[in-house]
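Enquirer: Would you mind keeping the following structure in view while I ask a few things?
The values are calculated or read from the model by the stated rules, or taken from the named source; none is laboratory data. Every value quoted in this text rests on a predicted model; they were computed, and no experiment measured them. Cβ placement follows ideal geometry from the backbone for every residue including glycine, while neighbour counts extend to all protein chains displayed. Surface areas here come from the heavy atoms of the whole protein model, side chains and all, with no ligands, DNA or RNA. Shrake-Rupley method; radii C 1.70, N 1.55, O 1.52, S 1.80 Å.
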Amino acid sequence: MSPSTPSAGIGLRAQHHATVVHANPEVAWFEVHSENYFADGGAPIESLEKIRGRYPLSLHGVGLSLGSTDPLNLEHLTSLQRLASRIEPAIISEHLAWSSVGGRFANDLLPLPYTEEAVQHVSARINHVQDVLGRELLIENVSSYLEFTDSTLKEWEFVAAVAEESGCGILLDLNNVFVSACNHGFCWREYLAAIPPARVREFHLAGHQCIERAGARLLIDTHDRPVSDAVWDIYRAALRRFGDVPTLIEWDADLPAFAVLQAEARTADGHRNTVHADAA
Amino acid sequence: MATEIPFMPTLREIQTAVLDALLRGTLEDAGPHIATTPVPAAWRLSIYRGNIVENFLRALASTYPVVRQLVGTDYFRQIAEDFHAQSPSRSGDLKASGRAFADYLGELHRDDRFSYLADIARLEWLIQESSLSADHPPLDLARLAVVDPSTYEALGFTLHPTLRLFASPFPALSIWQANMADAEPSVVIDLAAGADRVAILHHRGEFDFLRLNPGELAFLRSLGTGECFGAALTHAQAADEGFDASAVLRRLVSAAAIVDCSVPNR
């Protein structure tokens with residue numbers, strides 16, 4: 001990503017490949033899920049090779065299971081490395097999460113217990129990945145629906161400690177901050193204030209849903225609707241604290257027409273311009 | 001008063017307890033690790049459990065659309081959930097999660113009227129593998145023309161990277177083709193119509209299904225394991241006395257099933 005053009009990008013899903021390949025829509029950059037392109041050939045990777053010539057790309061992994069106590073999956077890492085050599089992305093990111101243990105995979109992003117042991121463990125793994133890729137990895141804070149009684153650190157302390165220990169960058173998902181803040185009763189302002197600005201390289205924005213049961217409620221990170229007003233508020237606060245880093249609109253379920261995603265990206269750019277103007 | 005030393009479980013112990021609970025759908029040993037207020041631990045876990053099962057089912061349905069079409073969405077969901085309970089994903093890439101599904105269906109419907117389902121699943125798995133493999137230009141026949149005839153026996157042939165060989169005692173390919181989304185709705189397949197032997201190939205987004213006789217199948221299987229032309233010919237002739245090597249080679253090269261040849265170093 002060129003530092004001079006951090007307009008909001010769009011998470012690209014397979015249903016929109018044809019639109020992007022044939023219509024060249026106006027979008028600053030795209031991010032794709034790395035694992036969807038772990039293949040030597042076929043339609044997805046062939047489309048991506050066409051798209052990479054026209055737009056900056058970011059590879060966003062969901063399956064490396066960075067926080068797992070199993071040995072690092074070198075086959076998965078090799079696939080990522082091969083994809084990165086082929087696509088030459090501007091950014092490579094993964095999640096600060098685990099999804100497997102004992103060789104069995106949940107294929108979902110599970111939160112870690114926020115302990116010193118987990119800081120050391122996941123930092124060493126991130127270092128390993130950065131060494132193999134020969135570049136910086138960004139790690140994304142996940143949304144979570146549970147907290148561990150074993151945690152000794154706050155989530156924001158954990159994220160900052162891992163970035164400090166491993167030297168990685170941070171992909172700050174502001175919807176995830178809001179979802180977790182509501183689910184676990186913390187203040188998102190306290191979270192943002194603890195994240196070191198020098199490490200933040202990218203923002204994610206997405207929609208969530210609220211579900212209620214027997215008087216209790218949980219926010220679910222559904223990626224199936226527009227960004228909520230509350231998350232736009234956090235976005236403006238984040239732009240003021242962390243500066244104008246690349247922003248991505250994510251939408252995965254009930255995927256709308258491509259133009260709806262472009263409109264979300266333009267809304268993000270509107271907030272960027274407002275915050276910029278205020279700061280000037 | 002004695003000070004109680006708090007029990008500090010390791011990260012691995014916590015992960016094992018939580019994943020056990022998520023895959024089994026019961027709280028079990030994960031209970032003490034999960035905060036319960038204001039939302040009960042069981043509800044928190046059920047959110048993840050739901051995601052895990054749905055992601056797995058979606059991946060399986062994407063790999064096996066015709067199995068799903070044949071058995072109906074309700075029964076597919078039931079067998080997919082049972083399969084997941086027995087064979088959870090072993091990879092961070094969900095495309096790989098259905099690898100053992102054909103074997104599972106084979107056990108489930110070993111001797112009943114759905115015994116052909118396992119072969120449909122096997123075919124769909126190979127189709128997915130083929131579709132994700134690299135394309136390759138066809139063999140330049142000039143390369144064959146310069147080969148010294150005395151070295152023919154030892155010649156090696158490279159198969160197209162997307163080539164997958166499939167054989168079934170059922171007309172599995174015909175069933176698969178009749179159940180694709182764009183198929184003619186009225187086609188009726190006779191399960192007793194006989195065996196299907198096929199080379200699956202994928203070029204520029206399109207599948208080629210090259211129907212094979214027993215000699216051609218044996219020939220390609222042998223080449224696929226890295227055996228030389230002489231050995232492959234022996235296998236082919238054992239399967240089909242009338243095997244016509246030069247006609248078969250022409251057919252396989254023109255279909256881009258064979259894409260390269262190499263003379264061994266002496």
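Enquirer: Of the conditions (1) under 26 Å from B:Ala167 (Cβ atoms); (2) open to solvent by 30 Å² or more (accessible area, probe 1.4 Å); (3) under 16 Å from the mean Cα position of the chain (by Cα), B:Leu94 clears all except one; give me its number.
Expert: Condition not satisfied by B:Leu94: (1).
Enquirer: Within segment B:24-48, restricting attention to residues that are over 21 Å from A:Tyr114 (Cβ atoms) and exposed (fewer than 15 other Cβ atoms within 10 Å of the Cβ), which residue is nearest to the chain's Cα centre (by Cα)?
Expert: In this case the residue turns out to be B:Arg24.
Enquirer: Return only the number of the condition from (1) touching a residue at least 24 places away in the same chain (Cβ under 8 Å); (2) open to solvent by 40 Å² or more (accessible area, probe 1.4 Å); (3) in the same structural domain as B:Leu60 (by TED's automatic domain parsing); (4) not aliphatic (A, V, I, L, M) that B:Tyr152 does not satisfy.
Expert: All conditions are met except number (3).
Enquirer: Please go through segment A:93-131 and give me each residue that is under 20 Å from A:Val32 (Cβ atoms) and either at the interface with chain B (Cβ under 9 Å from one of its Cβ atoms) or open to solvent by 30 Å² or more (accessible area, probe 1.4 Å) (or both), ordered by number.
Expert: Result: A:Ser99, A:Asn107, A:Asp108, A:Leu109.
Enquirer: If A:Asp70 satisfies all but one of (1) surrounded by 18 or more Cβ atoms within 10 Å (Cβ to Cβ); (2) within 10 Å of chain B (Cβ to nearest Cβ); (3) not polar (S, T, N, Q), what's the number of the condition it fails?
Expert: (1)
Enquirer: Hey, another quick one. Give A:Ser34, A:Ser47, A:Ser58 a once-over and let me know the one that is open to solvent by less than 30 Å² (accessible area, probe 1.4 Å), within 13 Å of chain B (Cβ to nearest Cβ) and within 19 Å of the chain's Cα centre (by Cα).
Expert: Only one candidate qualifies: A:Ser34.
Enquirer: Next question. How many residues does segment A:79-88 contain that are open to solvent by 10 Å² or more (accessible area, probe 1.4 Å) and more than 12 Å from chain B (Cβ to nearest Cβ)?
Expert: Selection size over segment A:79-88: 4.
Enquirer: Tally the residues that are of a type in the set (Gly, Ala, Ser), modelled with pLDDT of 95 or more and outside any helix (DSSP H, G or I), restricting the search to segment A:186-237.
Expert: 3
Enquirer: Now, a different point. Quickly run through segment A:132-173 and pick out the residues that are touching a residue at least 12 places away in the same chain (Cβ under 8 Å) and β-branched (Val, Ile, Thr).
Expert: A:Val132, A:Ile139, A:Val142, A:Thr152, A:Val159, A:Val162, A:Ile170, listed by residue number.
Enquirer: Scan segment A:189-205 and give yes if some residue there is of a type outside the set (S, T, N, Q), without any contact (Cβ under 8 Å) to a residue 24 or more places away in the chain and either farther than 25 Å from A:Gly61 by Cβ or open to solvent by less than 10 Å² (accessible area, probe 1.4 Å) (or both), otherwise no.
Expert: No.
Enquirer: If A:Ile234 meets every condition in (1) among the aliphatic types (A, V, I, L, M); (2) more than 19 Å from the chain's Cα centre (by Cα); (3) open to solvent by less than 40 Å² (accessible area, probe 1.4 Å); (4) more than 14 Å from every other protein chain (Cβ to nearest Cβ) apart from one, which number is that one?
Expert: If we test A:Ile234 against (1) among the aliphatic types (A, V, I, L, M); (2) more than 19 Å from the chain's Cα centre (by Cα); (3) open to solvent by less than 40 Å² (accessible area, probe 1.4 Å); (4) more than 14 Å from every other protein chain (Cβ to nearest Cβ), just (2) comes out false.
Conditions (1) open to solvent by 30 Å² or more (accessible area, probe 1.4 Å); (2) free of Cβ contacts under 8 Å to residues at least 24 places away in the same chain, marked per residue:
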| residue | (1), (2) |
| --- | --- |
| B:Phe56 | no, no |
| B:Val67 | no, no |
| B:Leu70 | yes, no |
| B:Phe76 | no, yes |
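Enquirer: Name every residue in segment B:233-260 that is hydroxyl-bearing (Ser, Thr, Tyr) and within 27 Å of the chain's Cα centre (by Cα), in order of residue number.
Expert: Scanning segment B:233-260 gives a single hit, B:Ser254.
Enquirer: Still on this model: Report, by residue number, each residue of segment B:9-48 that is within 7 Å of chain A (Cβ to nearest Cβ) and basic (Lys, Arg).
Expert: B:Arg12, B:Arg44
Enquirer: Do the conditions hold for B:Ala255, that is, is it of a type outside the set (Lys, Arg) and within 17 Å of B:Leu123 (Cβ to Cβ)?
Expert: So B:Ala255 does not fit the description; no.
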